[in-house]
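Before any comments, here is the structure.
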Amino acid sequence: MTPKVKTFLERGFSTIVLLSLLGGAVWWDNAIGYAILVCALCNLTSYEWFNMLRERGAEANRGLALIVGLIYPWLMAAGMLLATTQGDFVIGGEDGPTSVFLVSAFNFHGVALAMLVLFVLATFFCELYRMDYKNSSGAQALSSAGITILSFVYPVWLFAFALSTLDNPTGIYNLLWLILATKMSDIWAYVSGVLLGGKFIKRRFSPAVSPKKTWEGIIGSFIITSVCSWLLLPITDFGFELTPVVFFCVLMPAIFILSVAGDLAGSLIKRGVAIKDSGSLLPGIGGIFDLIDSPAFTVSFFAAVMAIL
């Protein structure tokens, strides 16, 4: 077995594992199972970042990012699950028991924005303290603040938007389709690159960040991913009609560009801390962050668009 075939099989296996978990959570038809899976992925990638930065000695408030990263997804999941509960509660009174109908309310996007603001403020308060009492320089404080905020935003805050559909079973299927499309773009880019890379276009797609990516791989992946995603559309229900023109000329280009950008952003970060993989949990891919770097971009974008629509 050649190294390229081995790598493809390893990547395919790890991706199938992720999609099987997501599919199993949906098949279970229980929002709690889906919420646990998303929260677990967020927690694992947050822990990977903590270790990744510690091993490279990167200046950051890793403890703050880890604590908030572990708590935040469960807080958002609990809020969304409570928002789906409703019932009759009986309370006593002078005139006898009274039935009260209660419905919980939870503004996911509002709370997500508030939590991000609070985290940014907490980060800078910590850096001000370190400058005054720990002899940290201004350059160190600025670098630490940026890495700390990124340590929460990228691996946790963005991907946790997958929890925004917990109150909508149809929305969960839409997100499953989105993650399928996102991961297919990575797999087909690898296959197309191995088969056609460098045969027509000599210049690499991203020579500095990801030297192995080729234009043939990107173009081939876009075509194959778009066709496969179109065939999988029956599992979705976006609430509006998707014509072939809108799908192939608007929706898929947006998803594909974000998928590639997320993959390159993950590579950029790993190059910045001089590591190949964020972890070793998944064969052929690396860690959990290596698996959700692209979905973090597409899922958060999808959630923002659906909130606007």
Given H placed on each backbone N at 1.01 Å, which residues far from Asn61 in sequence or on other chains put an amide H within less than 5 Å of it? Thr148
Once phi for every residue in region 52-61 is put through the Karplus expression 6.51 cos²θ - 1.76 cosθ + 1.60 (θ = phi - 60°), the whole-Hz ³J(HN,Hα) values, with Gly and Pro written as x, are 4, 6, 5, 5, 8, x, 5, 6, 6, 8
How far, in nm, would the chain grow between Leu268 and Met131 when pulled straight, counting 0.36 nm per residue and subtracting the alpha carbon separation? 46.5 nm
At what distance in nm do the modelled label points of Leu232 and Ile67 sit from each other, each positioned 7 Å from its Cα along Cα→Cβ? 3.9
With θ set to phi - 60° and the Karplus curve 6.51 cos²θ - 1.76 cosθ + 1.60, what are the ³J(HN,Hα) couplings of region 108-123 in order, to the nearest whole Hz, using x for Gly and Pro? 4, 5, x, 5, 4, 5, 4, 5, 5, 4, 4, 5, 4, 4, 4, 4
For region 74-84, what does the Karplus curve 6.51 cos²θ - 1.76 cosθ + 1.60, with θ = phi - 60°, yield as ³J(HN,Hα) per residue in whole Hz, taken in order and with x for Gly and Pro? 5, 5, 5, 5, 4, x, 5, 5, 5, 5, 8
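What's the extension gain from Val250 to Arg56 if we count 0.36 nm per residue and subtract their Cα-Cα distance? Write down the numbers at each step before the final one.
Details: separation 194, 0.36 × 194 = 69.84 nm, distance 4.03 nm.
Result: 65.8 nm gained on full extension.
Just subtract the alpha-carbon distance of Ala83 and Ala122 from 0.36 nm times their residue separation and send over the number in nm, one decimal.
That pair, Ala83 and Ala122, stretches by 11.3 nm at full extension.
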Assuming R0 = 41 Å, can you tell me the calculated FRET efficiency for the pair Asn30 and Lys202, based on Cβ-Cβ distance, to the nearest 0.05? 0.20
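Since every read-out is calculated from the coordinates, none of them should be taken as a lab result. Just so we're clear, the structure is a prediction, and the values are computed from it rather than from any experiment. Please note: Cβ atoms are built from the backbone with ideal geometry, for glycine as well, and neighbour counts cover all protein chains shown.
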